[in-house]
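Reviewing the structure listed below.
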């Protein structure tokens, strides 16, 4: 599979996203990343409602935030969403936050899995589960699955 540009959305910094020094809070960065990931999943054509109805739910097992340059009130930020697959029950979702001046503000890396909500265990092949539900699995960095 050829490498493609990651999915991106633009988010406006709101006053409710700020701390006392008028910097974006860590929680707001995580919310921006969550929003980017949700929009990526929707753009790929995955119905989150169907995923849940089928008894599967995405879970974050680890979150790593690395701050580079501050975001402040009045800024906007481009938030990317890139899915990184390997063998096994987990995968990574990587987000970068690019400021209006083009500088990298932060990165967030999630170690994630897809939980079978009935068994309360991670599914053994999450890439396949995501790919069979996606109309455009390439947005999730996956190849289409032939059923």
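When you check residue 32 against the structure, is it farther than 18 Å from residue 130 by Cβ and under 10 Å from the mean Cα position of the chain (by Cα), yes or no? The answer is yes for residue 32.
Yes/no matrix, rows are residues, columns are (1) at pLDDT below 95; (2) in contact with a helix residue (DSSP H, G or I) (Cβ under 9 Å, 6 or more places away or on another chain):
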{"residue": "4", "(1), (2)": "yes, yes"}
{"residue": "10", "(1), (2)": "no, no"}
{"residue": "15", "(1), (2)": "yes, no"}
{"residue": "37", "(1), (2)": "no, no"}
{"residue": "41", "(1), (2)": "no, yes"}
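When the residues of the stretch 71-84 are filtered to those that are buried (at least 18 other Cβ atoms within 10 Å of the Cβ) and under 17 Å from the mean Cα position of the chain (by Cα), the one that is farthest from residue 20 (Cα to Cα) is 83. Please determine whether any residue of the stretch 106-120 is farther than 14 Å from residue 86 by Cβ, surrounded by fewer than 20 Cβ atoms within 10 Å (Cβ to Cβ) and touching a helix residue (DSSP H, G or I) at 6+ places or on another chain (Cβ under 6 Å). No; the residues of the stretch 106-120 include none that is farther than 14 Å from residue 86 by Cβ, surrounded by fewer than 20 Cβ atoms within 10 Å (Cβ to Cβ) and touching a helix residue (DSSP H, G or I) at 6+ places or on another chain (Cβ under 6 Å).
Among residues that are free of Cβ contacts under 8 Å to residues at least 12 places away in the same chain, surrounded by 12 or more Cβ atoms within 10 Å (Cβ to Cβ) and farther than 22 Å from residue 135 by Cα, residue 25 is included.
Among 88, 55, 74, which is the only one that is at positive phi and at pLDDT 95 or above? Walk me through it before giving the result.
Details: 88 fails: at pLDDT 95 or above; 74 fails: at pLDDT 95 or above.
Going through 88, 55, 74 in turn, just one is at positive phi and at pLDDT 95 or above: 55.
Put simply, of 46, 64 the only residue that is surrounded by 14 or more Cβ atoms within 10 Å (Cβ to Cβ) and modelled with pLDDT of 95 or more is 46.
The values are calculated or read from the model by the stated rules, or taken from the named source; none is laboratory data. Predicted model only: the values in this text are computed from it and were never measured. Virtual Cβ from ideal backbone geometry, glycine too; neighbours counted across all protein chains shown.
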